[in-house]
Amino acid sequence: MPKCSRLQSAACYYTDSTQQTIYRTGKIDLSNTAVKWKAGGCRLPTSAEYEFAAKGGVKSKGYLYSGSDSVDSVAWTYLNAGNQLHPVGTKQPNELGLYDMSGNAKEWCWDWINFNFEIINPIEPQGPSRPTKYRMLRGGTFELQNLTQYLVTAAWNDETPDTFAIMSTLFRQIIDVLRRPVRSSTGFPLSYADPEGSFACR
């Protein structure tokens, strides 16, 4: 699988909507228009991309958790984690070969939260176009006790990025490995579900 450090591809994040200056460091709350979504570099997944991959993409078998209906086989939870993070790959993967999409650590997604948000682009939703106070989290964590509320593939949470930092909140980078729009029957690009590329970085 390709690794982010080996890619010599275009940047995804820019300082503003003109996409002239690459965002490298510092605190800037970027809007959706400052992101070059198909650039091929590493970026945070949208919430929709994360859920699609967690459910197994086009290979989905409809499991409750990512990779199984048995949470213990695919996820580190408050019942089995011993109150600590565990190395990636120590539970079984989901249908796409992705690990820890349920449990172990919550993961930041791109989307800002607006509870009055109207989906403008239902094919590839990216959340509200402008930054808000809260950002989306997916995947659940070993610290959460309500498994069916927080660890199922459709579950999400939200926090404030400026003030929220705990050891069980991490992020996963994705790579859009295809240069042409290929869509599944659900409308999401198949490139996000490609086990040889999109969710290769962690």
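Each reported figure results from applying straightforward, stated rules to the coordinates on display, with no laboratory input. Note that the coordinates shown come from a computational prediction; the quantities given were computed from them, not determined experimentally. Neighbour counts are summed over all protein chains in view; Cβ atoms, including those assigned to glycine, are modelled from backbone coordinates with ideal geometry.
So if R0 is 30 Å, what FRET efficiency would Y23 and M167 give, r being the distance between their Cβ atoms, rounded to the nearest 0.05?
With R0 = 30 Å, the Cβ-Cβ based efficiency is 0.70.
Can you find, among Y63, G41, T25, the residue sitting farthest towards the positive end of the charge dipole of the stretch 23-63, where Lys and Arg contribute +1 and Asp and Glu -1 at Cβ?
In the stretch 23-63, that residue is G41.
With a Cα-only, solvent-free Debye model of the stretch 14-152, what are the log10 I(q)/I(0) values at q = 0.10, 0.15, 0.19 Å⁻¹?
-0.39, -0.82, -1.11
What are the ³J(HN,Hα) values, in whole Hz, obtained from phi via the Karplus relation 6.51 cos²θ - 1.76 cosθ + 1.60 with θ = phi - 60°, for each residue of the stretch 63-79 in sequence order, with x given for Gly and Pro?
Once rounded to whole Hz, the list reads 5, 5, 9, 6, x, 5, 8, 9, 4, 5, 7, 10, 9, 8, 10, 5, 7.
Principal axes first, then extents: for the Cα atoms of the stretch 78-118, list largest minus smallest coordinate on each axis, whole Å, largest first.
Principal axes ranked by extent give 38, 27, 15 Å for the Cα atoms.
Considering amide H positions built from the backbone, and no H for Pro or chain starts, which residues 5 or more places from I113, or on another chain, come under 5 Å of its amide H?
T132, Y134, R135, M136
Which whole-number percent gives the relative contact order of the stretch 1-101, counting Cα pairs below 8 Å spaced six or more residues apart?
20
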